[in-house]
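K.L.:
Dumping the structure here so I can ask a few things about it.
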Amino acid sequence: MKVLNVGSLNIDHTYQLERIVAPGETITSKQMSVYAGGKGLNQSIAIARAGIEVYHAGKIGIDGQFLIELCNDSGVNSTFIETGVIPTGNAIIQVTSQGQNSIILYPGANRSLDKAWIDKVLTEFSKGDILLLQNEVNLIDYLIIEGKKKGMNIFLNPSPYDEYIDKCDLSLVNTFLMNEVEGAQITGCYDPECILTRMKNLYPQAKVVLTLGQDGVYFQDKEQRVYQPARTVKAVDTTGAGDTFTGYYIAAVIEGKSAIEALTFATNAAALAVMKAGAANAIPKRHDVEKSRMI
Ligand code: RIB
């Protein structure tokens with residue numbers, strides 16, 4: 001079984017602030033750092049650092065060559081990352097001293113995927129392989145349909161939620177990995193119980209992983225609902241923590257771990273990620289996750 005992640009690659013410009021800037025306000029940042037990021041790239045790196053082979057497919061500009069190097073250094077297969085004339089996607093990220101963040105995205109090359117390129121990438125994958133998607137690249141509606149036609153197992157992180165998610169046939173998704181904001185946007189519900197119940201009614205065949213930040217995480221499938229509390233740690237920067245969770249969760253599923261084992265493994269990885277500044281660079285290696293585990 002192979003894992004293909006068709007996803008974003010970003011250059012993150014991260015600004016350290018006491019608090020998130022308000023409308024009409026100007027705040028001077030204490031520090032600015034440039035990191036590798038993008039939900040897609042972060043998730044591929046998390047899968048690779050968990051010890052699972054992953055192919056990342058996406059588009060960057062010539063300004064993003066260091067992202068390919070990072071993939072190669074981290075064990076992510078970069079064969080399907082293409083360099084074109086459109087600049088690499090980027091993010092402006094404000095991070096507070098409490099570790100909270102606020103993100104503005106500029107898609108750049110991430111939203112320049114075309115159907116012929118997607119078809120070519122998909123020829124290398126087949127029935128039973130995993131197709132992981134987020135919503136920072138274009139044509140995820142097409143990717144879901146074409147991946148499913150091949151019999152691939154579709155994992156969707158519907159983030160950030162916008163009108164492109166509404167264009168997708170979500171009944172084709174095998175596993176949703178989402179937070180309570182995306183859960184609310186998809187279902188119209190505002191509490192976890194309602195989100196999970198509505199997801200079960202809307203997509204009865206799908207597995208749902210609903211992350212709630214400091215309030216833990218739920219897993220639900222046809223047979224069961226499982227809950228795992230969060231770990232309490234001192235957060236330095238929460239950017240990429242959800243991506244770390246997603247990557248480690250998928251790695252655990254591939255290894256055949258039970259739902260609760262997968263949630264615990266991913267929770268421990270995300271807890272380590274928030275203790276370090278940055279996105280991709282803050283994703284821990286498996287060895288450190290295993291050393292830190294609580295159970
Ligand atoms: O999930 C965190 C990521 O969101 C950042 O790395 C940023 O690039 C945005 O894509």
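Bear in mind these aren't lab numbers, they're just calculated from the coordinates by the rules spelled out. The structure displayed is predicted, hence computed values, not measured ones. We place every Cβ from the backbone using ideal geometry, glycine too, and count neighbours over all the protein chains shown.
K.L.:
Could you give the radius of gyration (one decimal) and Dmax (whole number) of the Cα atoms in the range 200-295, in Å?
P.N.:
13.2, 39
K.L.:
Give the order of Cys71, Cys189 when sorted by the count of other beta carbons within 10 angstrom, beginning with the fewest.
P.N.:
Least crowded to most crowded, the residues run Cys189, Cys71.
K.L.:
Shifting gears a bit: Dividing the alpha-carbon radius of gyration of the range 25-162 by 2.2 N^0.38 Å (N being the number of residues), what value is obtained?
P.N.:
1.12
K.L.:
With springs only between Cα atoms under 10 Å, which of Lys207, Lys115, Lys148 fluctuates most in a Gaussian network model of the chain?
P.N.:
Greatest mean-square fluctuation among the candidates belongs to Lys115.
K.L.:
Also, I was wondering about something else. If you take every DSSP beta bridge whose two residues both sit in the chain, what share of them, in percent to the nearest 5, is antiparallel? Could you put the intermediate results ahead of the total?
P.N.:
Values: 21 of 54 bridges.
Roughly 40 percent of the beta bridges in the chain run antiparallel, per DSSP.
K.L.:
How much net charge surrounds Ile145 when only the other residues with a Cβ under 13 Å from the Cβ of Ile145 are counted, with Lys and Arg +1 and Asp and Glu -1?
P.N.:
Details: positive: Lys115, Lys148, Lys149, Lys150, Lys167; negative: Asp119, Asp141, Glu146, Asp169.
For residues surrounding Ile145, the net value is +1.
K.L.:
Which whole-number percent is the relative contact order of the range 1-107 (Cα, under 8 Å, 6+ apart)? Mind dumping the intermediate values first?
P.N.:
Numbers: 228 pairs, mean separation 36.4, N = 107.
This gives 34 percent for the range 1-107.
K.L.:
Still on this model: Tell me, Val208, Val3 in order of fewest to most beta-carbon neighbours within 10 Å?
P.N.:
Val208, Val3
K.L.:
Right, here's the next one. Taking the dipole about the Cα centre of the range 157-222, with the C-beta of Lys and Arg at +1 and of Asp and Glu at -1, give me whichever of Pro204, Tyr190, Cys168 is farthest to the positive side.
P.N.:
Pro204
K.L.:
Cross-link partners among lysines for Lys148, C-alpha distance below 28 Å, same-chain residues fewer than 8 apart left out?
P.N.:
Result set, ordered by chain and number: Lys2, Lys39, Lys59, Lys115, Lys120, Lys127, Lys167, Lys200, Lys207, Lys222, Lys257.
K.L.:
If the convex hull of the alpha-carbon atoms of the range 167-212 is projected onto planes in all directions, what is the mean projected area in square nanometres?
P.N.:
Values: hull surface 11.5 nm².
Averaging across all directions leaves 2.9 nm² for the Cα convex hull.
K.L.:
Based solely on its DSSP helices, what 222 nm [θ] is calculated for the chain when runs of n ≥ 4 H residues each add -39,500 (n - 2.57) and the sum is averaged over all residues, nearest 500 deg cm²/dmol?
P.N.:
-9500 deg cm²/dmol
K.L.:
With Kirkwood's inverse mean 1/r over C-alpha pairs for Rh, give me the Rg to Rh ratio of the range 5-50, two decimals please.
P.N.:
Rounded to two decimals, Rg/Rh equals 1.15.
K.L.:
Checking a compactness column here: for the range 113-260, what do you get for Rg(Cα) / (2.2 N^0.38 Å), N being the number of residues?
P.N.:
1.05
K.L.:
Would you work out if the chain is rounded, prolate or oblate? Take a ≥ b ≥ c from the square roots of the eigenvalues of the alpha-carbon gyration tensor; rounded if a/c is under 1.5, else prolate when a/b is larger than b/c, oblate otherwise.
P.N.:
Judged from the Cα gyration tensor, the chain comes out rounded (a/c under 1.5).
K.L.:
Another one. Would you work out the charge dipole size for the chain about its Cα centre, treating the Cβ of every Lys and Arg as +1 and the Cβ of every Asp and Glu as -1, and quote it to the nearest 20 debye? Write down the numbers at each step before the final one.
P.N.:
Details: 27 positive and 32 negative charges, 116 e Å.
In total the dipole reaches around 560 debye.
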